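Shown next, in structure tokens, is the structure this report addresses.
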Amino acid sequence: MPGLLNKICPENVASIIEKIAAIEVQDIKQLEAIIELMFKKAITEPHYCETYADMVFSLKAVYPSFPSPDGGKPITFKGLVLNICQNEFEELLASNDISAEQKAKLDEEELEYMRKKRKDRMRANMKFIGHLFLRQLLSAKVIGSVICELVLCEQVDDLPEEHALECACELLLAIGYTMENMIAGQSALTSVCGRLKELMK
């Protein structure tokens, strides 16, 4: 599987989707591993974000659902994409702070490199989830909560990080028009735009 993804480009995506679709998935762990691999590749190769989003969209219909271990709703490809998306987003938010220990060990140039790397990863993540939303793999409600979290809609006394604001604006530029045409999207946009106006005061 990693070998196939290493060769991906818009011109050969259809043939690579066929090869990946032919892989027999035996259980939830295997399905999660496949999605995580695509996610990591999309974030490390943001110039191919749309291609990876197309791949996820195509594979949604191919892979089966599995019974939930706790007897709840079946676990689906789309549901796993959502979980991995949320986990990656939360992990990026949590890992953005550079610890005192790291600051003591690294010089300013190394710290700046680390900040840039994390910022680029977060922007790539936003770009990818924006494309997943445009392909109806993520709901307006989920995307709305991501943007609200970036601009700290619920924490009015705190200021969001500069890179988080950049990510929110980038996401709004990419998907704002589509969000505006959905009821759940309109609600999220009202909250986010109100928050951005407050921050500009």
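The values are calculated or read from the model by the stated rules, or taken from the named source; none is laboratory data. The model shown is predicted, which means the values in this text are computed figures rather than measured ones. Note: ideal-geometry Cβ built from the backbone for every residue, glycine included; neighbour counts use all protein chains shown.
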Within the stretch 141-149, is even one residue over 25 Å from residue 61 (Cα atoms) and in contact with a Cys (Cβ under 6 Å, 6 or more places away or on another chain)? no
So is residue 91 more than 21 Å from the chain's Cα centre (by Cα), not aliphatic (A, V, I, L, M) and not assigned by TED's automatic domain parsing to the domain that holds residue 194 or not? no
Which one is surrounded by the most Cβ atoms within 10 Å (Cβ to Cβ) among residues in the stretch 11-53 that are in a loop (DSSP other than H, G, I, E, B) and among the β-branched types (Val, Ile, Thr)? 25
Please work out which one of (1) crowded, with 16+ Cβ neighbours inside 10 Å; (2) in a helix (DSSP H, G or I) is the condition residue 8 fails and give its number. (2)
Just checking, how many residues over the stretch 132-158 are free of Cβ contacts under 8 Å to residues at least 24 places away in the same chain and aromatic (Phe, Trp, Tyr)? 0
If I filter the stretch 142-201 down to residues being aliphatic (A, V, I, L, M) and outside any helix (DSSP H, G or I), which single residue comes out as surrounded by the fewest Cβ atoms within 10 Å (Cβ to Cβ)? 156
Could you check, for the stretch 103-117, whether at least one of its residues is under 18 Å from residue 40 (Cβ atoms), basic (Lys, Arg) and crowded, with 18+ Cβ neighbours inside 10 Å? no
Specify which of the listed residues (98, 75) is modelled with pLDDT of 80 or more and surrounded by 11 or more Cβ atoms within 10 Å (Cβ to Cβ). 75
